[in-house]
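Written out below as structure tokens is the structure these notes cover.
Bear in mind that the values in this text are calculations on the coordinates, not laboratory data. Being a predicted model, the structure only gives us computed values, none of them experimental. Here the Cβ positions follow ideal geometry from the backbone for every residue, glycine too, while neighbour counts run over all protein chains shown.
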Amino acid sequence: MHLLRRYPFVVTRSVASAPRDASLFAERVEAYEVLNDPRRYHVAVNAVQLDGIRLVALRTTGHRARFADHENFGIVVAHRGGLLIDDGRGPTEVSGDDAALWQPGRRITSIPGPYLGLGLRVPIARLAAHVSRNPEDGARLDGAWPARPAPRLVRALRQAVREFDAPEGLNPASAAARGMARLLLDILADEFASIAAARRGPVPGSGIVHVRRAEAALRERLERPVSILELAGELGISTRSLQAGFRQHRGTTPRSFLANCRLEAVRERLLNARPGETVTVIAHDCGVMHPGRFAASYRLRYGEAPSATLGRAQRRG
């Protein structure tokens, strides 16, 4: 369990400095108090920035804070301990595997005891720019905000943190890391698109022509960060329509299709590897975002580990 230890942001045992340190996140701290023995007070924040959004891990012995932040929104996921967060819609308890989404504005966070948790912090302008790339989705950020993030968003956040904490962790500037950011933004955008979709009714699946065009575009973009929302926008259809079309005509999803194409590309590269190339470098070159998950998928499909394929090719060469 590392939880972004490679990326220290703030570490303090000073109650006086904590509000100033929190302001580094571009939010105003209006009130701050320690809830337990101040002599044992300790806060550590680790954070990594990728493509305009920030993954965060927080450790604290316990505190209560009132923030004012009109430029960002975020997600909190408990890992150990719990907290209470109130962004004006009433208090939401977060503990165990719970998660909460706080909206822009004022909020109060109360952490009564030792706590370790994850967070995702997103500028509203960043999500608005992402959503605007597909007006067919009808997503709006000026309406109702969900109080809880979708489980798949929490899973994606946890997976992203694991990849940065891995022994050969992702480089925040890499294409794979940018692809991970696009995935998180796609899921967030879908949260708001689902509200619009509920008003419009069932979404028809896209036709086979759109699916084929999407497949061709995805094959061309294996090595680049990919947003399914942006791709659907280029095709002139909603993201949900493209997803429904893939399920109807291919029995899969656009992202699963993309992952399969990347798996095949890695296989081809490993079979023809040059001296000195590694599995990690080849996988990242092919756009793989989750090396650990990739290795398991590769073994399941080809009956051997990627390293075995590479070793055989390099011995032959």
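Placing +1 at every Lys and Arg Cβ and -1 at every Asp and Glu Cβ, with all other atoms neutral, what dipole size does the chain have around its Cα centre, in debye to the nearest 20? Show your work: numbers first, answer last.
Numbers: 47 positive and 32 negative charges, 149 e Å.
So the dipole magnitude of the chain works out to roughly 720 debye.
Mind checking which of PHE192, ALA214, SER238 is farthest towards the positive end of the chain's charge dipole, using Cβ charges of +1 (Lys, Arg) and -1 (Asp, Glu) about the Cα centre?
Farthest along the dipole direction, towards plus: ALA214.
In the P(r) worked out for the chain, what percent of Cα pairs fall beyond 31 Å? Working shown, then result.
Working: 19150 of 50086 pairs.
Here the tail beyond 31 Å accounts for 38 percent of pairs.
Tell me, in nm to one decimal, what length is gained between GLU33 and ALA166 on full extension, where the rule is 0.36 nm per residue of separation less the Cα-Cα distance?
Details: separation 133, 0.36 × 133 = 47.88 nm, distance 3.47 nm.
So the chain would gain 44.4 nm between GLU33 and ALA166.
According to a simple spin-label model (label point 7 Å from Cα along Cα-to-Cβ), what is the distance in nm between GLU277 and VAL11?
Distance between label points: 4.0 nm.
For the range 68-191, take the convex hull of the Cα atoms, compute a quarter of its surface area, and give me that in nm², please. Working shown, then result.
Working: hull surface 33.1 nm².
Mean orientational projected area (the range 68-191, Cα hull): 8.3 nm².
Compute the long axis of helix 291-302 from its Cα atoms, compare it with the longest principal axis of the Cα atoms of the chain, and write down the angle in degrees, 0 to 90, nearest 10.
So the helix axis and the longest Cα principal axis differ by about 30 degrees.
Would you work out which of ASN272, VAL48, SER110 lies farthest towards the positive end of the dipole of the chain, given +1 charges on the beta-carbon of Lys and Arg and -1 on that of Asp and Glu, about the Cα centre?
ASN272
Using 7 Å Cα-to-Cβ label points, what is the ALA305/ILE208 separation (nm, one decimal)?
4.3
Ratio of Rg to Rh for the range 201-280, alpha carbon only, Kirkwood? Each step should come with its number before you reach the end.
Working: Rg = 14.9 Å, Rh = 13.6 Å.
Taking Rh as the inverse mean 1/r over Cα pairs, Rg/Rh reads 1.09.
Quick check on the range 8-123: take the gyration tensor over C-alpha atoms, sort the square-rooted eigenvalues as a ≥ b ≥ c, and tell me if it's rounded (a/c under 1.5), prolate or oblate. Don't skip to the end; give the middle numbers.
Numbers: a/c = 1.29, a/b = 1.17, b/c = 1.10.
It comes out rounded by the Cα gyration axes.
Which of the peptides 30-43, 62-75 is most tightly packed, and how do the rest follow, going by the mean number of other Cβ atoms within 10 Å of each residue? Present the calculation step by step, with values, prior to reporting the outcome.
Numbers: 30-43: 13.7, 62-75: 18.4.
Ranked by mean Cβ neighbours within 10 Å, highest first: 62-75, 30-43.
Before rounding to the nearest 500, sum -39500 (n - 2.57) across all DSSP H runs of length at least 4 in the chain and divide by the residue total; then give [θ] at 222 nm in deg cm²/dmol.
Details: 11 runs with 135 residues, N = 317.
About -13500 deg cm²/dmol.
Which order, highest average first, do 184-195, 6-17 follow once you tally other Cβ atoms within 10 Å for each residue and take the mean per peptide? Intermediate results must be reported in sequence, preceding the final value.
Values: 184-195: 21.2, 6-17: 13.8.
Result, highest mean first: 184-195, 6-17.
Can you tell me the Rg and the Dmax, both Å, for the Cα atoms in the range 133-216?
Rg and Dmax of the range 133-216, Cα atoms, are 15.9, 46 Å.
Given +1 on the Cβ of Lys and Arg, -1 on the Cβ of Asp and Glu, and no further charges, what dipole in debye does the range 258-316 carry about its Cα centre, rounded to the nearest 20? Present the calculation step by step, with values, prior to reporting the outcome.
Details: 10 positive and 5 negative charges, 33 e Å.
I would put it at about 160 debye.
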